[in-house]
1. Would you check if there is a residue in segment 250-257 being touching a His at 6+ places or on another chain (Cβ under 8 Å), of a type in the set (S, T, N, Q), modelled with pLDDT of 95 or more and not in a strand (DSSP E or B)?
2. What pairs can you find where one residue is in segment 13-31 and within 14 Å of residue 343 (Cα to Cα), the other is of a type in the set (Gly, Ala, Ser) and surrounded by fewer than 16 Cβ atoms within 10 Å (Cβ to Cβ), and their Cβ atoms are less than 7 Å apart, with a gap of 6+ or different chains?
3. Six or more apart or on different chains, Cβ under 7 Å: which pairs go from a residue in segment 223-244 that's assigned by TED's automatic domain parsing to the domain that holds residue 294 and in a helix (DSSP H, G or I) to one that's surrounded by 20 or more Cβ atoms within 10 Å (Cβ to Cβ) and of a type in the set (S, T, N, Q)? Could you list them?
4. Can you name the condition, by its number, that residue 55 falls short on among (1) more than 16 Å from the ligand (Cβ to nearest atom); (2) part of a loop (DSSP other than H, G, I, E, B)?
5. Looking only at residues in segment 1-44 that are surrounded by 15 or more Cβ atoms within 10 Å (Cβ to Cβ) and acidic (Asp, Glu), which one is nearest to residue 370 (Cα to Cα)?
6. Among the candidates 392, 460, 464, single out the residue that is hydrophobic (A, V, I, L, M, F, W, C) and touching a strand residue (DSSP E or B) at 6+ places or on another chain (Cβ under 9 Å).
7. So in segment 448-469, with the set limited to residues that are over 27 Å from the mean Cα position of the chain (by Cα) and assigned to a loop (DSSP other than H, G, I, E, B), which one is farthest from residue 361 (Cα to Cα)?
8. Based on this model, can you work out whether residue 352 counts as in contact (Cβ under 8 Å) with a residue 24 or more places away in the chain, β-branched (Val, Ile, Thr) and within 16 Å of the ligand (Cβ to nearest atom)?
Amino acid sequence: MSENSMDYIISYCKRRGFVFPSSEIYGGMAAIYDYGHYGILLKENIKNAWMKHMIQYRDDVLALDSAIFMHPKTWVASGHVGGFNDPQVDCKTCKARMRADHLLEKFGINADKQTIEFINEELNKIKATGKLVCQNCGGKDLTEARVFSLMVKSNIGSPTDALTEENVVYLRPETCGGIYLEYKNTVDSIHPKMPFGIAQVGKAFRNEIVARQFIFRTREFEQMEMQYFHHPKDTKELFENWKQTRWNWYLQYGILENNIRWYKHEKLAHYASDAYDIEYNYKSLGGFKEVEGVHARGNWDLSQHSKFSGENLDYFDQTTGERYIPHIMETSVGLGRLFLMFLDNALVEEKIVSEEGKEDVRTVLKIHKDLAPIKIAIFPLLKNKEELQSGARKIYNILKRNWMCEFDDNGNVGKRYRRQDEIGTPYCITFDFDSLEDGTVTVRDRDTMKQERIKIDELAKYFAEKFEY
Ligand code: GAP
């Protein structure tokens, strides 16, 4: 199995406790996944890297955590009820479901935002050539394309209530809906000056048709979204700034410039003035795919919610005396897609020469240090020597207050290095007999595999310089 394949990443994630198929003992659920110990640590670090750059290092973006359940009218106002659909084609032979627009894409036809009539016309033309086949079994007996709603319904209230239009609520399909609804409370309570942003990280739910791309496209996923409220005269300049800011974030965390690119949306929603996606070259998915959107959305969102709620969502600029509905710039990225991107980018099988001079292969996750699930692993050289155990434990107990650490005394040191390399731990410390004499330990670097002796008293300072946070 090649290290570039999706099967390799899926198997790695399960074997090393990053991601598991959800409800596996009951046969699993398509496009739903659980994150294990190392997966959570990696996911939290990605989230943290986003929060730091989007909120902490700036002074114009505020945080929010809005509820998943929202008033049902929210999704009528946003156009999701009735309009958040994908065109679906079924295979009559194996019952596989496919996105009709993805099928057309394979024949160079862009069906983005096209009508179902257009899609069926194009599909029929290809059908006539005999080249339209099921992506699962290769069968040619496919249904016409139908509109399929991505909204996930639930109900709250009495558990015996039927799922009628009056009591239906939706699990939010995107997190930004909560930001629009809390715009007024944020302005009234914190009084930010224009332009300013509100950012949040949270779960979103979509009844996705295609469920075969691991955590790239799931039915329950986390989004990290930021809505930047501004005066329309500033849109052009702000759009370029946000594009640059988001682009730099990828480079900062180790993504090479030739592995990302901008995709410009040619067909814009009627309210949008510009829309670009950042695409990453996923080896595991065979090419460039969307990771993040940077979109200029005009004042459509707040205008719609103002219209449907009857609330005035104008902004009053005390300096100029102007009153207007703010325009919005959005940056929106899926945490699962970033997670997959960082693994796809960093997981390698590397030829090495062992200490005994033998050729060997090591699996190593060469991920940016600040994203690594475990920052430092601490080993006693031998398991059964009390003085080595207690010396190593002392270091572990001090360092773990600042960094996620792991204590490992299983097997020989070479095997421990391999285990830590595989999960991306940037540094391993070994406490040996010399440590008892001279108060130093060996610190080994994941990428260079070089070792150096560092004074135990200076470890905290040493690592403070190695990590950004
Ligand atoms: N508020 C705008 C919005 O939600 P989107 O293009 O539908 O726009 C934004 O989604 C980002 O959310 C995508 O670029 C992707 O990273 C992520 N995303 C969307 N659907 C997803 C899914 N089913 N599974 C995982 N991530 C998804």
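1. Scanning segment 250-257 turns up at least one residue that is touching a His at 6+ places or on another chain (Cβ under 8 Å), of a type in the set (S, T, N, Q), modelled with pLDDT of 95 or more and not in a strand (DSSP E or B).
2. Every condition considered, the pairs that remain are 17/36; 18/36; 19/36.
3. Close Cβ pairs (under 7 Å, with a partner that is surrounded by 20 or more Cβ atoms within 10 Å (Cβ to Cβ) and of a type in the set (S, T, N, Q)) amount to 242/331.
4. Against the list (1) more than 16 Å from the ligand (Cβ to nearest atom); (2) part of a loop (DSSP other than H, G, I, E, B), residue 55 comes up short only on (2).
5. 44
6. Just one listed residue meets the conditions, 392.
7. Once the filter is applied, the top-ranked residue is 450.
8. Working: in contact (Cβ under 8 Å) with a residue 24 or more places away in the chain: yes; β-branched (Val, Ile, Thr): yes; within 16 Å of the ligand (Cβ to nearest atom): no.
When the stated conditions are applied, residue 352 does not pass them.
The values are calculated or read from the model by the stated rules, or taken from the named source; none is laboratory data. Since the structure is predicted, the reported quantities are computational estimates derived from the model, not experimental observations. Note that we place each Cβ from the backbone using ideal geometry, even for glycine, and neighbour counts take in every protein chain shown.
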